[in-house]
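Student: Got a structure for you, questions after.
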Amino acid sequence: MVSFQLPLKLLLLATVATEISACGGKCETSSDGVETCTFTAAVNIHAGELGYYAFEECGEEHNPTLEMKVGTTYVFDQSGKTNHMHPLGFAYYPGGAHTGLDELEPGIKPENSASKCADNMSCPAPMYFVDGKYEGKYSNIAEKVAVTTGEDDFGLDVYEPLFFHPLTQWLEKSWSVAVKFDIEDMDKDIFYFCHIHQYMSGRIKIIGKDGEKVSMADSPELGFEYDTPTDFDTACGTTNTDQYQLPADNCPDKFVCDVPSDNKSLMNFAACIEAMDCAMVQGITNYVKSNSEVALFIHQMIPHHQNAVNMANALLKTDAIECDDVTSEEPHCVMEEVARSIINSQNYQIQQMRAVLDDEKYESEDNESCDLTSTDSSSSIQIAPTTIMKIASVVVFLGMMN
């Protein structure tokens, strides 16, 4: 089966003691000496399978290393449309709750710190705002809300569920997160991550009051490698379709017929579509080693979802969508909303299904893959190219209806 993301991405990155370039946002100091720095968050949907965070103040780099000065307030503006279904979180380790490791919370102090903040729930934690209204009770940012002790509600339980609302409804509000890291006796980095989609973590270097990084090394390790799309996938806006460009083994000669030769843009888009369709056909060709209807459903549905996500990403990569306001009912804006919703919701469902495979100890996607053209009838499926095309057409149609 086609696996567009290593199941656990356990390619560990070595800790390197070197000077690290970081982005500190746009900072301003008030008349009373309070410094506030702003990051305008976005998600680059074409940077990897799930997309990666970017910040307007940090240029075009995705998942940039950020820096936070001890005692300075940082505000992350998530109101842009690409942030939908990507609520920011902050943790002491990559992935936070996705990996069962400590996040920044009022009752959790940094590892090895002598701080007693956990005793009265005053440790650094993000504070979540909807339409400028703070949704929690805890505070360590006096200029936002009076500083508290004994409170563990920092607004996430309100903020995160609202990110599942439909895109056009979600865009009716503004969204932001404020963070002030006020503990200096630590020797490691912290991380930003997405509470809904995994593998989107980025590093944050803590800057002490002396102006120096508390850790020159990249520690803790990130624990996975960022996706690096090939030239073909970059041009298409897709993930892991390069090897399935037609002509390709196990796929028919074409999936798209009679493309006008004088429309170069459409020809390129059709070539991208054919590669992703070929990838899906290979992906939905499975064994049933797990001996389970649920497992077979998942092994069939993941490549089906991946194809839908790739198709939506490819459409948004083209210049075909002309939409100034995705909340309008203009046809192109309707299609942009549909495409973005497919990407966000089906990527999340892929993640859910992979979790079920792991939890139930079903066979992996790769282990359930079988070859369409092998002559060994005991371990493969033999099928005519015309039948492959018919099957693929039905699955593509079902993907459009999903």
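Read-outs throughout are calculated quantities, based only on the coordinates presented, and are distinct from any laboratory measurement. Keep in mind it's a predicted model, so treat the numbers as computed, not measured. All Cβ positions, glycine included, derive from the backbone under ideal geometry; neighbour counts span all protein chains shown.
Student: With charges set only on the Cβ (+1 for Lys and Arg, -1 for Asp and Glu), what does the dipole of segment 234-308 come to about its Cα centre, in debye to the nearest 20?
Tutor: 180
Student: Here's something else I'd like to know. Tell me the angle of helix 331-359 to the major Cα principal axis of the chain, expressed in degrees between 0 and 90 and rounded to the nearest ten.
Tutor: The answer is roughly 90 degrees.
Student: Which percent, nearest 5, of DSSP beta bridges in segment 26-207 are antiparallel?
Tutor: So the antiparallel bridges amount to about 75 percent of the total.
Student: What value, in deg cm²/dmol to 500, does the helix sum -39500 (n - 2.57) over DSSP H runs of n ≥ 4 give at 222 nm once divided by the residues of the chain? Don't jump to the answer; show the numbers that get you there.
Tutor: Working: 7 runs with 108 residues, N = 402.
Calculated at 222 nm, the ellipticity per residue is -9000 deg cm²/dmol.
Student: For each pair in K205/K317; K26/K137; K289/K317; K173/K213; K109/K209; K144/K317, compute the distance between the two Cα atoms and list the pairs where it is over 29 Å.
Tutor: K205/K317; K289/K317; K173/K213; K144/K317, as the Cα separations exceed 29 Å there.
Student: For D218, what residues show an amide H to amide H distance below 5 Å, using hydrogens built from the backbone and excluding near sequence neighbours?
Tutor: Close amide H contacts, sequence-distant or interchain: V16, T18.
Student: Here is a further query. How are the C-alpha pair distances of segment 26-207 spread across 10 Å bins, as whole percents from the shortest bin up?
Tutor: Reading upward from the zero bin: 10, 39, 39, 11, 1.
Student: So between A146 and E61, what do we pick up on full extension, going 0.36 nm a residue minus the alpha carbon distance?
Tutor: 27.0 nm
Student: Give the value in nm², to one decimal: projected area of the alpha carbon convex hull of the chain, averaged over all directions.
Tutor: 22.4
Student: Can you give me the C-alpha center-to-center distance between segment 224-267 and segment 306-377, rounded to a whole angstrom?
Tutor: Value for the Cα centre distance between the two parts: 15 Å.
Student: What angle, in degrees between 0 and 90 and rounded to the nearest 10, separates the Cα long axis of helix 264-283 from the longest principal axis of the Cα atoms of the chain?
Tutor: Value to nearest ten degrees: 90.
Student: Helix 385-401 against the longest principal axis of the chain: what's the angle in degrees, Cα atoms only, rounded to the nearest 10?
Tutor: Roughly 40 degrees, rounded to the nearest 10.
Student: Using a cut-off of 18 Å between alpha-carbon atoms, which aspartates and glutamates can reach K188, once sequence neighbours fewer than 8 places away in the same chain are excluded?
Tutor: Output for K188: E19, E67, D102, E103, E105, E111, D210, E212, D218, E221.
Student: For the pair E360 and K254, what calculated FRET efficiency results from E = 1/(1 + (r/R0)^6), where r is the Cβ-Cβ distance and R0 = 25 Å, to the nearest 0.05?
Tutor: So the FRET efficiency works out to roughly 0.05.
Student: Same structure again: Give the long-range amide H neighbours of F181: residues separated by 5 or more places, or on another chain, with amide H under 5 Å away, using H modelled in the peptide plane at 1.01 Å from N.
Tutor: Amide H to amide H, under 5 Å and 5 or more residues apart or across chains, F181 pairs with G71, T72.
Student: For each of T73, T168, count neighbouring Cβ atoms within 10 Å of the residue's Cβ, then give the residues from fewest to most.
Tutor: T168, T73
Student: I've got another one for you. Can you tell me which of 137-147, 36-46 comes out highest on packing, and rank the rest after it, using the mean Cβ neighbours within 10 Å?
Tutor: My ranking of the peptides, most packed first, is 36-46, 137-147.
Student: Want the number for E225 to I321: 0.36 nm per residue separation, take away the alpha-carbon distance, what's left?
Tutor: Fully extending the segment from E225 to I321 adds 31.4 nm.
Student: Taking the convex hull of the Cα atoms, report for segment 184-327 its projected area averaged over all directions, in nm².
Tutor: With every direction weighted equally, the projected area is 15.0 nm².
Student: Given H placed on each backbone N at 1.01 Å, which residues far from V43 in sequence or on other chains put an amide H within less than 5 Å of it?
Tutor: Amide H to amide H, under 5 Å and 5 or more residues apart or across chains, V43 pairs with A54, T82, N83.
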